[in-house]
Structures are given as C-alpha cells and as structure tokens.
1. Please give the number of the condition A:Ile149 fails out of (1) more than 30 Å from B:Pro112 (Cβ to Cβ); (2) touching a residue at least 24 places away in the same chain (Cβ under 8 Å); (3) within 11 Å of another protein chain (Cβ to nearest Cβ); (4) β-branched (Val, Ile, Thr).
2. If A:Phe162 satisfies every condition in (1) surrounded by 24 or more Cβ atoms within 10 Å (Cβ to Cβ); (2) touching a Pro at 6+ places or on another chain (Cβ under 9 Å); (3) within 14 Å of chain D (Cβ to nearest Cβ) but one, which is the exception?
3. If a residue counts only when it is polar (S, T, N, Q), in contact with an Asp or Glu (Cβ under 8 Å, 6 or more places away or on another chain) and modelled with pLDDT under 95, which helices (runs of 4 or more DSSP H) contained entirely in the range B:10-86 have at least 2 such residues?
4. Here is a check on your reading of the model: is C:Glu14 more than 28 Å from C:Gly145 (Cα to Cα) and not aliphatic (A, V, I, L, M)?
5. As an exercise: evaluate A:Ile305 against (1) facing chain B (nearest Cβ under 9 Å); (2) surrounded by fewer than 24 Cβ atoms within 10 Å (Cβ to Cβ); (3) over 17 Å from the mean Cα position of the chain (by Cα) and give the number of the one condition it does not meet.
6. Out of all the residues in the range D:1-51, which are among the aromatic types (Phe, Trp, Tyr) and under 26 Å from D:Leu143 (Cα atoms)?
7. For the range C:103-131: of the residues being within 14 Å of chain B (Cβ to nearest Cβ) and charged (D, E, K, R), which is surrounded by the fewest Cβ atoms within 10 Å (Cβ to Cβ)?
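The values are calculated or read from the model by the stated rules, or taken from the named source; none is laboratory data. Given the structure is predicted, the values throughout are model-derived calculations rather than measurements. Here the Cβ positions follow ideal geometry from the backbone for every residue, glycine too, while neighbour counts run over all protein chains shown.
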Protein chains: 4
Amino acid sequence: MTPNFPTLLREIAEAVKSEFGKGKVANYIPALAKVPPNKFGIAIETIRGEQYHLGDAMERFSIQSISKVFTLAMAFRLERKNLWKRVGLEPSGNPFNSLIQLEYERGIPRNPFINAGALVVTDILLEHFAGPKAAILDFIHTLTGQNDIQYDEEVARSEREFGYTNAALANFIKSHGNIHNSVEAVLDVYFHQCSIAMSCQELARAFLLFANHGVVPATQERLLTSSQSKRLNAIMLTCGFYDEAGEFAFAVGLPGKSGVGGGIVAIIPGELAIAVWSPELNEHGNSVLGIKVLEMFTTLTGMSIF
Amino acid sequence: MTPNFPTLLREIAEAVKSEFGKGKVANYIPALAKVPPNKFGIAIETIRGEQYHLGDAMERFSIQSISKVFTLAMAFRLERKNLWKRVGLEPSGNPFNSLIQLEYERGIPRNPFINAGALVVTDILLEHFAGPKAAILDFIHTLTGQNDIQYDEEVARSEREFGYTNAALANFIKSHGNIHNSVEAVLDVYFHQCSIAMSCQELARAFLLFANHGVVPATQERLLTSSQSKRLNAIMLTCGFYDEAGEFAFAVGLPGKSGVGGGIVAIIPGELAIAVWSPELNEHGNSVLGIKVLEMFTTLTGMSIF
Amino acid sequence: MTPNFPTLLREIAEAVKSEFGKGKVANYIPALAKVPPNKFGIAIETIRGEQYHLGDAMERFSIQSISKVFTLAMAFRLERKNLWKRVGLEPSGNPFNSLIQLEYERGIPRNPFINAGALVVTDILLEHFAGPKAAILDFIHTLTGQNDIQYDEEVARSEREFGYTNAALANFIKSHGNIHNSVEAVLDVYFHQCSIAMSCQELARAFLLFANHGVVPATQERLLTSSQSKRLNAIMLTCGFYDEAGEFAFAVGLPGKSGVGGGIVAIIPGELAIAVWSPELNEHGNSVLGIKVLEMFTTLTGMSIF
Amino acid sequence: MTPNFPTLLREIAEAVKSEFGKGKVANYIPALAKVPPNKFGIAIETIRGEQYHLGDAMERFSIQSISKVFTLAMAFRLERKNLWKRVGLEPSGNPFNSLIQLEYERGIPRNPFINAGALVVTDILLEHFAGPKAAILDFIHTLTGQNDIQYDEEVARSEREFGYTNAALANFIKSHGNIHNSVEAVLDVYFHQCSIAMSCQELARAFLLFANHGVVPATQERLLTSSQSKRLNAIMLTCGFYDEAGEFAFAVGLPGKSGVGGGIVAIIPGELAIAVWSPELNEHGNSVLGIKVLEMFTTLTGMSIF
C-alpha cells in the first residue's frame, strides 16, 4: 500500500519547522555562504513515475558531494576491477577530508565518498574521457532528462580559490602514484563536479537509477548491472554521510548521500528516491532538516531496508 | 517465490570447497586452535518455520563475537537512551581491538561490536542483572528454545588466561569512567559470553528475532520493538564484520555478525536467517568460507536489502 | 667561576613567587591531592661536595616519575643491549600515558620515561632481582647515603586503586610479549617506585651520579660507565619532560626529569645537580615553579650544555 | 687538551670504510640519484680558526634539509615571539614529512625541522624579504665568506617536479591559515633552499655561528644573541635528525642537522663544528657513514655536551 505522499510531506514539513536555526549554512566559500538558510524543498520520485514535491523542490542548488555518487557510478561502469584497487570500501571513521587515514594507507583512500576517494574517482574519469566535464553532465542529463543542468562557474571558481585542503589531498595521493593525471587537471574537474546545480526533483529523478537496480525508469536504459547498483547502494549506506554514516543508518536506514550545499538524497530499493534541500548543516556537514525529514519519512511510512 | 534451498545449499557447498586451506584457524587461545579446520555447516531458518541445514550445522562451536549481538539486544531493551551515550554507532575503520580510537574518543567506544564497545555493553548488563551470566543464557534459551546451550568453561578460562588485550581495553575504559563495575567482574562475564557454544541451526534460529522485526517467530513473543530491531540490523550491517564491514556490505549486502570461532550469521529482514560455520579465518578475523557462502547465497537467490 | 649560590637561590625564589596559583596540584589520587600547594624547596649539590638549599628542601615528597631515572639506570647496568630492543629512545610527541604510539609500535614503548617504557624497565628489574622493591631502595640508598628513604605505602596503595591506565598499558604490552613477569607483579613494583618519598636535597645528591659521569662523588663508587651516564643524560634531555621535553630543552637546556609530585631534578654535567619542589603542575604535568626556577638558574648563571 | 685532529680523522676514515654499501643514495629526484655513493669528506673548523679536512671535504653537494637551520636562524632574528606561535618545539616522533601530526595540531607544525615546519619558516622569510632567495644566499655568504655559494637550479627544478608531498603539506598548512604567502611562492623558495650546494668545509664554517654562541668567529659579527644560539642548538639536538633524533642524541650527543644529500653537521658549543658528507642514507634519511663518523668522533675525543 502506497502512503498518501502529499499529506505525508505536508505533515513532515510542518513537524520539522522547529529545526530551522539549529544548523549553519556552509561558509567555507562565499558562493555557498550567501544561500538563504530558510530554503526548504522535498521531492519524491517513484520508479513507477509518480512525482511529489513540496516547497523549493524545483529550485536548483549546489549538489556538492552528491556529485560523488554520479562520478562513482560512471567510473564503476568503466573499471569494474581496478577501481577497487585504487579506492577502498570501508567507512572512514574520520572526518571527510582527513589526511590521516590516507597517510596510513599510503595514498589509497578508504572509500570513494571521502574527498580523497572522490579525487581518485575523478582521476579515473580523466583517463577515460577526452572531455570529462562534458561527460559528467551528459551522464546527469541521461539520468534526469534535463539537458540544461550545468556547472555553476562562480561556485567552481570559489571552490578552487579556497580549495587548499583538496589540493593537499590531491598532491599527497599523487605523491603515492594513485593520481595519474596532473593534479591541476583533476582538481579542475573535481571543483566543477561539486558546483553542479540541480533541484530536489532532479536529484530524486537521477537517483531512481539506484532504486531501480541500474535501469533509468523513464527510458528503460540499463546503465549499471543489478549487482553494480546494489553495491553502490551498499556504499551509500555505509559511507554516504561522512563520519555520521553509522548514525544515519541507525536512525534512517536508507542508502543515500548528502552534500554541504544542504542536499540529501536517499532511496528505497525497488520503490523510490527522495531528495531534501535545507542549507543549514550540523557539525558533521549534513543538513539538519534533511536528516530529520528522512527519519520521519521512514518512521511514518515504515519503509526501510531493515 | 522461495528458492529451492536444499539444492541451493548443496550447490554452494560444492562451489566453496576450493576455498578450504585459504585461511587460518584462530590460534590466540589453545581451546580454539584445536578445532578441525575442515568443519563446515550451513543452516537456514525462515520466519515461517522452514529449516534447512547441511554438513556440520548441528554441531556446536564457540560463537565468540556473535555473542555481542545478543548482549547488545539485551542492553537495548534495558537502556534505550543511555546506551548510546556510552557507546557510539559509527564503524570503527580500525581493527577490532584497537586502543587508538578509544583513546581519541576518551573511553567512548566507537560501536558496540568492537571489543571495547562490547565490554561497555556487558558492564550495562552487570548493572541490571544480579546474575548476568544466567541472564545471558536465559535470553539465548528464549530465542532458540534450546535450554542446554551453555558456556564452555575451558574456552572461558583460556580467554581469561590470554586476555591481556581485553584487560587493557577494560582498564582503559574504566580509567575514563565508562565501566561502572569492577574490571574483573566485567571481564569474567565477557570471557564467558564469548565461550558460548551454539550450532549453526541454533544461531540461525536465534537471529530470526532480528529478521522478524523483534518478535520470536516460534513463540510470537516480542522482545524488541520494530524500531529497535531495525536499528540493530543497521548496526550489524555497518559494524558487524570488524574492519571488513564495508567490504561485506558491498559483496553480500546483508546485516550480520561474525566471530573468530568461524561462525557468521546474517539475516534477510522479513524472510530468514542463515548461519555458516567454517573455522578458517581471513586476515580480518572473518570466516573465509562463511563470507563466500553468503556472497553466493545473495547472488544466486537475488535476495538483498539493496 | 662559581656563582654565589645562596644569593642566587634567594633571588630566584623571590622572583618566582608570582607563579604560585598558576598550576594545579595532582589530584588523580587522594594521597597526592592533599599536599599543600605552597610547598617550595630548592637544593643544589655539586660534585665537589658543596650543598645549598632553600625553603622546604629537606622535606620528603612523592618522587613519582623521577623514579624512572633510577630504575632505568639499574636496568642499563644489567642489560646493555637487550634493554634497547625492548624500549625505544625517541621522544614520544604524545602525552605521557598514551596508548596510541604503543599500539602503532606493537608493544615497544617509544622511550623509557613514558609510563609504558617505565613498566618494561621495571619488568626487567623483576627478571634480575628476587626482591626488586628492596633492590630499588638499595640503589637509592647507595646514591644518597640516606638509608631511611622508603616507599610511602599509602601512596602506593592509592596508585594501585586508581591505576587503571597503567593497568591498561601493562596488559597491552603483555599482550605483545614485552612484559615477561605477571602484570600484577610488575604493577606492584611500579606503583611502589612511584611512591618513594625523597627530599630535594636527596634528589640532588642522587642525581650527582649523572653529573659526575657515573661515579658517586661521596664514595667514588663507579655505578655506570662514562658512556652510560652520558647516554642517560641524553635521554633525560630529549624525553624527561613528557610532551614538553622540546620546550624544556629550548628554555632550560639541561638534562632532567620531572614527576607529578611536583619535583624536578636537572644536572649540569661535570658540575652539579639541582632539585626543585613545588606541587602545582602545568597542563603537561610539570611543576610550574620548578620549570621557572630552572629557566632562571640557567639564565642567571649562564650554565648550559649548549 | 686539543686532540690531534689530522690523525684522528684518518683513523676514523679508516674505521668507517666498512660501512660503505650499507645505505642507499636518495633517489626521489634524479638530480640526487646520480651522486656517486662513494663520495666521502670530513671537515672540522674550530672557533679559534683551525681547519682540518679529509677526502671530498672541499666538494660541494646538495645541503637539502641542512638549509632549514639557516632559514630558522634568519627567521629567529626577525620574529622572536611570533615564530614560536606558528611552529612548535617538540620532537615529532614521526617521519619527517608526516601529515598526521600536522592534522592533529591544526596546521601548526611540531617543530621547524620537519618539512611542514620549514615551510612555515620559509613563509616568514617571504614576509620579511622582498627577495627571499637572495637574502638566504646573503646570510650563508656572511657565515662562510664564500660568495659563490649558489642554488643548484637543476636540483631545484627536480625538487619541484616531484615535490607532491611538500605541495600537499603547504596546501594543508595554507588551509589552516598558517602560510600567509601563496603556496607557489613558498614552495619556490623552499625548493631552492634545499638545492643550495656547499662543501663540508663551508658547512662547518657556517655552523661555527652556533658553536660560538651567535657570533661569526672570522668577522666577530654577532648575528644571534647568546640565548638564541643556545636555543637553536637545543632544537638541533632534539629535532635535527628526523625520527632518529633520540637515537642520535643517545649515540652522539651533539646538536646537529642532517640532509638527504648525505651531509651532517654537528657542533661542540664553545669549541668547533664538524661536517661529514657521505651520500648513502639509512632508512631514516640520515647518512650512514656520517652518523658513524660522529659517533667515533665523540667516543675518541671524549667531547660531548653530556
């Protein structure tokens, strides 16, 4: 029995209102700091084609780390084996840009969703595509059917200008031979992928690929094997929320990915994808209201993978 | 559609034969080192009461860390809030008896399935039960209906004799005030719980509690709320396999728990529990054949939470 | 030219008065917490037999970690080679009871002045002496000529009662095979050595051994080779002040050792030993006034090894 | 009594011959890898103007990390207080280019002789000098009287080309705000300072500044206060030999500094400076023969600060 999603979303939106003001908008770059903290949207897309949305669900924002799921899916299509020799699968247990584990593990990032791992994944895309930036957008256009999704050049420039930690990571990985292209080229693509602007609706639509076992529902195009899709979901569950992944799995119990732009997308395999946007972040870099919304969603619908 | 489990188990058993000899029987205590490496059993129990077994599935062995799931379930029933102030929920990203994260985090173990966390959970049981050792067996008797499941005193004695690392952990946690009983008393219960001897069949039966959302299928007794059961499953998925949890989630995709006695139990929520025993361990302390069996099981049945 | 020490000591005592109240008396055990914070003594003994003292220089207090120098000297006499296979020589760069480096380095403590290293040194004494507690006192009696220097049993009992961190360290080292006697026996001797009560005068007298290149000046008895004495001085300079060793070398520039009882002893090779007692400690566990006194002493006398 | 240095040097040179072939020439950049491994020189300069040399003592080689002493001395002249807020004084206890301690300590390097610390020191020079590269050479010309000491542009270029680890460090420190100039500008000066080519004789001459309490003996020019000179010596003793500093202090007992070009310089305060060159390095990056020579030198002369 499908829940009455419109009623449910209104109920959730009403309930989580009290959480406004409890987090902080990302301010490490000016382009993100100026986003109004009261933005709030939810979108649900089911694999059967139903769509529900609320609030600012159609407004685009910076997807930031959510882009790591797209590039990982692209790299997984291209490198089924070598990928997992160059990046691990274990939760990091450390903040998302930690140099520490990287050093212990000699340039092999713990998983593809910490920044270090995402840089290696991006490096793999540079090895396979003459125009990696165009290829990433193409992939997202295929998933969403929205061909005007673009990089936000102002955000990308701002990321680069203040991107010393990522430059440190990339140089360190390069020193261990696990980045094959030039550091500059990898960082350029990486800063761009973080700057992609998408709406909740577009994110939910795109993530149906993972809810639908590797097939884009709208076009029935298979982009990942069922096994690949299942494995990406496993990584999202165990590593998708920085060092709060365990807490998220405990409280929500869905595979998903968050970004410091305030977006969170999660999926229920075989059913749907749900995206939330609210720019105020908790101390782990995850959207305060986003997590609350997903907790309520699983509690009220009883939908859970566990 | 239910798969033909007897055929499937035979097929899997045949296929994994080639893995014998690739791991090493745990040898940190003599009582475990003498277990024949070629022991091999599989048991499946479904929540509808079907039972399947193969090989040494009825022979009891040392459940070791699998006991941590039972004590955690008991503690969760007693302490819904305080439990998670004294032990974390995040995957550890470090080997299972690491003192390092414990030190960084000032005596709060990362999760209840690393030894440090299990010691705190055991300490909680000592606070609630006058006879904690009897209480643990009672709980397991309730789950399995097998009242002759017992501690193996020789194993418990051996654990204690060589248990310097656990003594180090317990003393360190005590120094931070997160063990409330005497170190000796906590270690005594802990070494005993590790020594419990159960068969694959009994383990599968016991874990139906978690597959059946908190209710013992045979008696319809509710021991955990649906939410508690779901949350325990999430912890098993993210933390159940030492520092190989991510790899296990990636390759198998089921909540479960392994022990250095060579046992692994996993569940498919709403469906069944499956237990495997093969004493040869990989470098992470997980049963080589056990993991292989579960990988094949999910691949061949298509059963997965993702 | 010898400075006028009596005048100098009065000048220093006057100048450091303003430091009272800036530190905290050690309170991890009740027996130490009750020491009056305003105790203050200085003693100088030269290798030519001159003696100078001021304030509470004749009152005994708990020497705590200063005892590590005595046990190290004893062990060095017995084990010239094996000693340095079981304990390192490098500054720890971490607080004095850190489990972290111990874990990285598989039970080989970084140096003999962190607690872990001192436990291994004590274990060596247990291997060589049937009565290690008597042997330690004998050694100190030989150095000082004061045969009534004793263990403070109340302090030793208190150390044991709250000694969870040291018990953790000893168990962890034992788990790596680097403690050969029983953990209990090693801890018993260790907690006793920390409890030894000596005055500034007696400490300065005892440390003349290291100022005088291995020979007790009063008796002309050679207890260490010149090379051993030189090497112990090097360890004191690089490791004698917990994680403040570099700062101490920078500001004072003398080999020395401090204890949480508020004592500090330092030497000028070929010249003298100076001991200070003031129980208020800084955040690194070193006496606030003790360090200040030694800074002024080297500044005003120009005496320095550099 | 002054030893007969010419005889002594011949004796030492003969004795250490057997160590050839036990280490490896630095090969992280091609420009260093091509240095013949059998190069070997020793030079002694006393503060009274005596000079002794042996073997390749007049041939210039890449001083590498020895340059850190010169830049630190320059920075200490300029920033007596702020310097020690931006870089620590404690031995690192970790390999010389470790990112780990840097991360724990939020961009404040542990000491000025690990690469991270030297980068901050270089950044300070960029803040004070319009032409920092010329200023560094000027300082060395002043110390040595040799105005043709120069950067080796081939080495500098090679350092830059393979300098990913240093680029990682600089970016990471910049991300914490402890580098004030552009990362590129700091790295350019840093890679140049490492490339400076000097002979043993020139190095010994230059280090007389530190043996002579801050005054250049040849010109009687005071460049450092006596206190500054003493403090630099203390840092050399505790931090001058990467993670082998404790071992060096134990075995040799002199303040000094080594570089991966195979040079080592040490001083005896109030007496002399001694420089050795032999390109084969041990696993810590210190010259195998260099350390052996200094060990024998202190043993045979009895000269030691302890």
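1. (3)
2. The one condition A:Phe162 does not meet is (1).
3. Working: elements: B:30-33, B:67-78, B:83-86.
Result: empty, no element qualifies.
4. yes
5. (2)
6. Taking the range D:1-51 as the starting set, the residues that turn out to be among the aromatic types (Phe, Trp, Tyr) are D:5, D:20, D:28, D:40.
Those that are among the aromatic types (Phe, Trp, Tyr) and under 26 Å from D:Leu143 (Cα atoms): D:Phe5, D:Phe40.
7. Only one residue fits best here, namely C:Arg106.
Results for (1) at pLDDT 95 or above; (2) in contact with a His (Cβ under 8 Å, 6 or more places away or on another chain), shown as yes or no for each residue.
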| residue | (1), (2) |
| --- | --- |
| C:Gly214 | yes, no |
| C:Asp243 | no, yes |
| C:Gly246 | no, no |
| C:Leu254 | yes, no |
| C:Ile264 | yes, no |
| C:Ser278 | yes, no |
| C:Leu281 | yes, no |
| C:Ser287 | yes, no |
